[in-house]
Amino acid sequence: MTCVVIVGTQWGDEGKGKLVDFLTEDADLVARYQGGNNAGHTVKFEDKSCILHLIPSGILRNKMSVIGNGTVVDPSALLQEFEELKELDISVEENLKISETAHLIMPYHRVFDQLREKAKGDNKIGTTGRGIGPAYTDKVARSGIRFTDLRSADHLRARLEALIPEKNCLMKYFFQSPVQFSIDQIVEEYLGYYEQFKSYLCDSSLLINQAIDNNQNVLFEGAQGTFLDVDHGTYPFVTSSNTMAGGVCAGCGVGPVKIDKIIGIVKAYTTRVGSGPFPTELLDETGRLLRKEGSEFGATTGRPRRCGWFDAVLVRQAVRLNGITSLAITKLDVLDQLETIKIAVGYRTRNGQTLTELPPVYEKGMVPIYEEHPGWQCSTKDITEYDKLPEALISYLNRISELVGAPVSLVSVGPKREETIVCDPKQIWA
Ligand code: GDP
Ligand code: IMO
Ligand code: MG
């Protein structure tokens, strides 16, 4: 039995979906512990391509897939995801379970997310507009609606009667919007969802702990990345949940001692969608080349991703924050043509100070200090064995591993399942 956490080490989109799908072959249960349909996890298998937003990527291999209590669920988006899976002949009925205490994204959450972003103008966060922030805000304010609140129409109506007047007041007087939310409409819509989802609802913590007690292999699928974490990310340009490995305990109801391995998914360069600091961002031809070669466009919103060099300071901090036991390095093939590859090993501040750790509060104007590495300048796509990888690529991997302080267990040289090389199986399933 092994419990493995998959966590993003940068600003999301590191290739978590691909790696979760790859590792699911040996897993019995896969669970999401935070986030919602702000995530976009791409999996390519056979000649198919699928983008999962909330359903764990384990569903594609017919393994038990659990949406944990720490997530926020938009029922309409989840039904849409069911439809997309149906088109791939994948049925969710037998293998999907949803926590009855997961919070729901309500119509007003989506509206407030979009209106608040608009009101921020140039200071916007660049959210996905899916209502994630407002749903977590209500959860923490103890004003959230959970799946379990949909069991009784009277109970749901009473909860909404306590909440909606405040929301409508905000709409009218703060946002000066003519839109008002109707309790009747929401009650009708969400009771309908309850009928569609009730057979999936469960005590997900009990289910997951039973799997652990029965010596099953359990995989926890992180969404977003370490630097989008609400506590440890580049606040306020973050998402509203704890994306890091520690989020598993609260978000799935699993004790910390049950976790055996934490695999950090690391893109061989860096990307970010939305606003916020990004010291190694490249606004030049190389940045455009990375975007083109890596098809760096958001899986959820289609927005172009900002691209830049690998930042070892950032990932070393991710190793520390998550307790990462090994790394899976993805998208190495995207660097195939480059003559020279840079790695940031520190920053110089505006007043000439050298920093080798990311400051807790990001300072404007930090310039990365780079070291340069020779590129391998050959195609890596069809390489299936570690020893056959070009020498310069192995040196690049070794240097990353040394700088960030974690061994490499997996290497990915393409989006498909078979474009994955296991370097050290002992670092994955014990
Ligand atoms: P996630 O959010 O971490 O699951 O990542 P996304 O799916 O949003 O973005 C990763 C993108 O890179 C997807 O389009 C994947 O199909 C693709 N991808 C994953 N690993 C590799 C790789 O090693 N090489 C290439 N070229 N693409 C990859
Ligand atoms: P995966 O799981 C990349 C970013 C948004 C925005 C910020 C807040 O695919 O890696 P939110 O809608 O969560 O309130 O937006 O977080 N963001 C992501 N960026 N990958 C993701 O998920 C993301 N989920 C949210 O772009 O900057
Ligand atoms: Mg993504």
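The values are calculated or read from the model by the stated rules, or taken from the named source; none is laboratory data. Quick caveat: nothing in here was measured; it's all calculated off a predicted structure. As a convention, Cβ positions derive from the backbone with ideal geometry for all residues, glycine included, and neighbour counts pool all protein chains shown.
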So, in segment 293-335, of the ones that are part of a loop (DSSP other than H, G, I, E, B) and among the small types (G, A, S), which residue ends up surrounded by the fewest Cβ atoms within 10 Å (Cβ to Cβ)? G302
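Let's see how each residue does on (1) within 13 Å of ligand 2 (Cβ to nearest atom); (2) closer than 29 Å to Q377 by Cβ; (3) under 16 Å from the mean Cα position of the chain (by Cα):
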position	(1), (2), (3)
V257	no, no, no
I262	no, no, yes
A268	no, yes, no
D336	no, yes, no
T340	no, yes, no
Please verify whether segment 6-24 includes one or more residues that are within 29 Å of F237 (Cβ to Cβ), polar (S, T, N, Q) and surrounded by 24 or more Cβ atoms within 10 Å (Cβ to Cβ). yes
Does any residue in segment 181-205 that is exposed (fewer than 13 other Cβ atoms within 10 Å of the Cβ) come within less than 9 Å, Cβ to Cβ, of a residue that is β-branched (V, I, T) six or more places away or on a different chain, and which pairs are these? none
Would you check which residues across segment 31-54 are in contact with a Phe, Trp or Tyr (Cβ under 8 Å, 6 or more places away or on another chain) and part of a loop (DSSP other than H, G, I, E, B) and list them? Y33
Looking only at segment 299-316, decide whether some residue is closer than 18 Å to T226 by Cα, under 23 Å from the mean Cα position of the chain (by Cα) and of a type in the set (S, T, N, Q). no
Any residue at all in segment 152-162 that's surrounded by 18 or more Cβ atoms within 10 Å (Cβ to Cβ) and under 26 Å from C249 (Cα atoms)? no
Within segment 11-32, residues within 15 Å of ligand 1 (Cβ to nearest atom) and more than 10 Å from the chain's Cα centre (by Cα) come out as K18, L19, V20, D21, F22, L23, T24, V30
How about segment 146-182: which of its residues are in contact with a His (Cβ under 7 Å, 6 or more places away or on another chain) and either β-branched (V, I, T) or assigned to a helix (DSSP H, G or I) (or both)? D149
Have a look at I369, I265 and point out the one that is in contact with a helix residue (DSSP H, G or I) (Cβ under 6 Å, 6 or more places away or on another chain), assigned to a strand (DSSP E or B) and among the aliphatic types (A, V, I, L, M). I265
Is there a residue in segment 8-21 that is more than 14 Å from ligand 3 (Cβ to nearest atom), touching a residue at least 40 places away in the same chain (Cβ under 8 Å) and among the hydrophobic types (A, V, I, L, M, F, W, C)? no
Mind counting the residues in segment 89-141 that are over 21 Å from the mean Cα position of the chain (by Cα), among the aliphatic types (A, V, I, L, M) and assigned to a helix (DSSP H, G or I)? 3
In this structure, does Y370 turn out to be hydroxyl-bearing (S, T, Y) and at pLDDT below 95? no
For segment 17-37, which residues satisfy the criterion of being within 12 Å of ligand 2 (Cβ to nearest atom), farther than 19 Å from V72 by Cα and of a type outside the set (A, V, I, L, M)? K18
Just to be sure I understand, how many residues within segment 1-16 are part of a strand (DSSP E or B) and more than 8 Å from ligand 2 (Cβ to nearest atom)? 5
All but one of (1) away from ligand 1 (no atom under 16 Å from the Cβ); (2) in the same structural domain as W11 (by TED's automatic domain parsing); (3) on the phi < 0 side of the Ramachandran plot hold for E84; which doesn't? (1)
Within the bounds of segment 93-105, is there any residue that is out of contact with any Ser or Thr (no Cβ under 9 Å at 6 or more places or on another chain) and closer than 24 Å to K416 by Cβ? no
Per the filter on segment 207-230, residues away from ligand 1 (no atom under 16 Å from the Cβ), touching a residue at least 12 places away in the same chain (Cβ under 8 Å) and in a helix (DSSP H, G or I) are L207, I208, N209, A211, I212
Where a residue in segment 294-316 is more than 22 Å from G126 (Cα to Cα) and its partner, wherever it lies, is within 14 Å of ligand 1 (Cβ to nearest atom) and of a type in the set (A, V, I, L, M, F, W, C), with Cβ under 7 Å and at least six apart: F310/A268; V315/V266
Evaluate the following for L29: is it surrounded by fewer than 21 Cβ atoms within 10 Å (Cβ to Cβ) and more than 16 Å from ligand 3 (Cβ to nearest atom)? no
In segment 224-253, which residues are over 11 Å from the mean Cα position of the chain (by Cα) and of a type in the set (F, W, Y)? Y235, F237
